[in-house]
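Below is one structure, written out as structure tokens; comments come after it.
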Amino acid sequence: MVFETKRLSESLRKEEPRMVRKPTRIEGIALLLLLLGMTGCSTYRNTVPGYCVGDGFQESRSDKEPINFLRLRQEPPEAYRLDARDVLGIYIEGVLGSKDEPPPVHIPESGDDMPPAIGYPIPVREDGTISLPLVDAMDLRGLTLAQAEQKIRNAYFRKKILKPERERIIVTLMRPRTYHVLVVREDETENNNNNIFNNNTNVGLALAFGSTRNGQSFPIELKAYENDVLHALSETGGLPGSDAKNEVVILRGAFGTNEERDTFMNGMQDPAYAEELMNRPNVIRIPLRVGPDDPIVQLAEEDIILYSGDIVFVRSRESEVFYTGGQLPAGQWPVPRDYDIDVLEAIALSGGNAGVSTAVTGGSAVFPATRLIVLRELCGEQVPIEINLRRAMLDPSERIRIQPGDFIMLEYTPLELVGNIILSNLRFNLFNQGFN
């Protein structure tokens with residue numbers, strides 16, 4: 001009897017391993033994730049469905065149209081009007097020049113589109129007058145060349161210094177007045193040869209932008225009737241690029257000398273100073289693109305004409321970016337300036353491909369990730385917006401527009417994660433069995 005009981009006890013101990021088997025680690029994880037998927041457990045609480053984020057909560061860029069850029073150019077007069085700092089070429093036979101010698105001819109420098117000038121250089125002074133031998137100073141401000149010539153002729157004839165039928169008087173424009181303007185551009189331009197930052201004597205201007213900005217500064221001379229915003233932009237690389245803000249800022253009378261200009265630009269190192277500068281009363285903002293809900297652009301010709309000491313700013317929009325993470329390639333991507341992109345286009349722009357993402361166990365995923373979370377600041381709070389990519393492919397209301405500062409994360413739903421783990425484990429086991 002004792003022998004039978006002992007043999008029965010040993011038999012039960014031998015059968016025990018077959019009756020109770022511990023699950024493997026992979027099976028335990030799969031079971032846990034399956035339970036999480038069945039209960040709808042999520043990392044994010046109080047998510048907002050994508051279709052709830054309507055157009056009223058999103059700023060559109062596609063509906064903005066560029067202004068007529070010819071509005072940035074002043075309309076030149078039919079004839080050149082004289083003013084201070086013009087240089088005239090004047091020949092007065094017997095007074096400025098000998099009767100026995102031909103009048104001198106001034107040939108413009110190479111690249112200058114001015115015609116040759118005849119006579120001796122006579123500058124128009126700051127008060128608009130010129131000084132000639134034997135006659136009183138005369139005001140030529142606002143006169144054409146023909147009118148100036150007639151006024152000079154009359155002055156000599158009234159004093160009977162010259163006789164109308166014998167002496168010749170010639171008045172030409174030798175050098176038109178120019179306006180010294182500084183153009184500061186933070187956008188990409190093709191005109192890099194004039195970059196003042198490459199000049200060691202202007203290190204202060206380079207420091208104004210730091211090493212992270214593509215800041216370029218162009219001191220230029222604009223001829224009379226070409227001293228406007230359009231010509232200033234054309235001289236420094238063309239119209240603002242897509243990485244620039246949709247506006248041109250003009251700071252009136254910012255400097256009088258080159259030293260004042262450099263001192264002024266050095267202050268731009270301080271963000272607080274730069275922001276204060278952009279809000280001064282002598283600042284003119286010219287929008288380059290406007291939408292149907294934007295105020296009508298009231299742009300007078302005086303607003304786009306530039307004078308010596310003015311600074312033209314083309315500011316960067318480097319902060320207008322969105323970010324990606326999760327199953328998407330991690331990175332920072334620019335938001336297009338002139339058109340909208342939705343979440344599907346943002347995924348393509350970042351190089352993401354949810355269908356070939358890597359599962360947690362390694363290898364390619366069978367079930368692509370379809371859960372997209374867009375973290376966006378709304379009303380001072382960061383709100384997670386949840387989007388189902390399968391529905392977004394069919395329902396446009398799910399494809400919300402990307403805004404600057406959005407953080408986009410692509411992740412698996414719990415069921416997709418469970419399925420990928422199970423199938424990946426099954427494929428791994430089949431692969432190993434093939435070698436056994």
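What to note about this one:
- Distance in nm between pseudo-label sites at residue 423 and residue 394 (7 Å out along the Cβ direction from Cα): 1.9
- Overall Cα dimensions of the stretch 87-175, principal axis frame, Å, largest first: 42, 34, 18
- Entries of 64/223; 223/245; 99/159 with Cα pairs more than 29 Å apart: 64/223
- The trypsin sites (Lys or Arg not before Pro) of the stretch 118-185 that meet both conditions, a loop assignment by DSSP and at most 10 other Cβ atoms within 10 Å of the site Cβ, are 160, 166.
- Coil-residue trypsin sites (Lys or Arg not before Pro) of the stretch 219-271, DSSP, other Cβ within 10 Å capped at 11: none
- Extended-chain gain in nm, criterion 0.36 nm per residue less alpha-carbon gap, residue 129 and residue 413: 94.0 nm
- Net charge of Cβ neighbours under 9 Å - reference residue 218; Lys, Arg +1; Asp, Glu -1: 0
- Cβ-to-Cβ counts within 10 Å put 86, 127, 303 in ascending order as 127, 303, 86, the fewest first.
- Contact order relative to length of the stretch 87-175, as percent, for alpha carbon pairs under 8 angstrom and 6 or more apart: 41
Values quoted throughout were computed directly from the atomic coordinates according to the rules given, and no laboratory measurement underlies them. Since the model is a prediction, treat every value here as computed from it, not as a measurement. All Cβ positions, even for glycine, are placed from backbone atoms using ideal geometry, and neighbour counts span all protein chains on display.
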